[in-house]
Amino acid sequence: MSELAARRRELVVANRILAHENVFDSYGHVSARHPVDPRQFLLAASVSPGQVGEADILLYGEDGEAVGGTTRAQYSERFIHAAIYAQRPDVQAVVHAHTPAVLPFTVAPVPLRPVLHVAAIIGEHIPLWDMHAEFGDTDLLVTAPAHAASLANALGNGRVVLMRGHGFTAAAGSLELAVRVAIYLGINAQAQAAAMALGEVRYLSPGEVAAADARMGSPRATGRVWDNWAQRCGLAKPLPVQA
Ligand SMILES: [Zn+2]
């Protein structure tokens with residue numbers, strides 16, 4: 001299998017995992033940088049993530065447009081991916097989602113911060129991007145390159161940026177890590193909100209975030225997690241044939 005075919009297959013698995021783990025609903029999208037040409041990236045046509053197949057994966061250029069054009073309907077927020085790949089050479093994958101547990105933290109005056117060691121990978125300081133500050137009254141969708149560049153600026157060198165009244169975007173050095181960040185962002189948000197209802201919350205210290213991220217924040221630090229999620233959504237590798 002070529003590198004491109006392998007990346008396309010991995011991206012299908014990522015779509016299915018994020019749908020099955022309830023990071024995505026009918027909306028949301030995940031992309032991966034082209035394994036050979038870093039100016040391009042792979043992203044599905046406008047299909048709900050739980051139904052994405054290999055034939056739905058299109059190639060996109062730096063301008064956020066399909067390479068060679070396409071007759072398929074496309075995600076209107078595909079510029080998010082293009083802007084982040086352009087600004088962050090280290091990024092290999094991008095997830096954009098509207099995960100319910102995360103949404104309150106996009107509109108309340110409480111920062112989303114790691115409370116769990118497995119969630120240290122989301123980063124200690126998660127910026128909140130308010131589209132209204134720069135663009136006034138909009139429909140809150142990131143449908144233009146200028147919107148996406150502003151969002152990518154807010155992300156900075158981090159892995160997650162929250163988007164007011166909308167959702168979040170996550171970026172990482174591998175597809176596996178981007179998926180893990182997106183999933184544990186939601187788990188952390190749920191735990192943090194539940195803990196806040198009980199009393200004063202003890203967050204991870206900056207040193208704990210750094211130490212836990214050093215262990216868990218590298219690509220494929222925990223390959224068994226991806227394998228488990230893939231199996232849960234029905235895309236596990238077939239068992240080896242017994243001799
Ligand atoms: Zn969105």
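What is the chain by shape, rounded, prolate or oblate, if you read a ≥ b ≥ c off the alpha carbon gyration tensor as root eigenvalues and call it rounded for a/c under 1.5, prolate for a/b larger than b/c, and oblate otherwise?
The shape class here is oblate.
Could you give the length gained on full extension between Leu198 and Ser2, defined as 0.36 nm per residue of separation minus the Cα-Cα distance, in nm?
65.4 nm
Based solely on its DSSP helices, what 222 nm [θ] is calculated for the chain when runs of n ≥ 4 H residues each add -39,500 (n - 2.57) and the sum is averaged over all residues, nearest 500 deg cm²/dmol?
After summing the helix terms and dividing by the residues of the chain, the value is -11500 deg cm²/dmol.
Probe radius 1.4 Å, ligands and nucleic acids ignored: give me the carbon and sulfur share of the accessible area of the chain as a rounded percent.
54 percent
Compute the Cα gyration tensor for the range 9-66, then decide on rounded, prolate or oblate, letting a ≥ b ≥ c be the square roots of its eigenvalues: rounded whenever a/c is under 1.5, prolate when a/b is larger than b/c in the other cases, and oblate in all that remain.
Prolate.
Can you list which of the trypsin sites (Lys or Arg not before Pro) found in the range 55-159 are DSSP loop residues with at most 16 other C-beta atoms within 10 Å?
Those satisfying the criteria are Arg72.
Could you sort the peptides 200-208, 99-107 by per-residue average Cβ neighbour count (10 Å cutoff), highest mean leading?
Highest-to-lowest ranking by the protection proxy: 99-107, 200-208.
With contacts defined as alpha carbon pairs under 8 Å and 6 or more residues apart, what's the relative contact order of the range 3-232 in percent?
The normalised contact order for the range 3-232 reaches 22 percent.
The values are calculated or read from the model by the stated rules, or taken from the named source; none is laboratory data. Computed from a predicted structure; not experimentally measured. Backbone-built Cβ (ideal geometry, glycine too); neighbour counts: all protein chains shown. Keep in mind that these areas ignore ligands, DNA and RNA; they rest on the heavy atoms of the full protein, side chains included. Shrake-Rupley method; radii C 1.70, N 1.55, O 1.52, S 1.80 Å.
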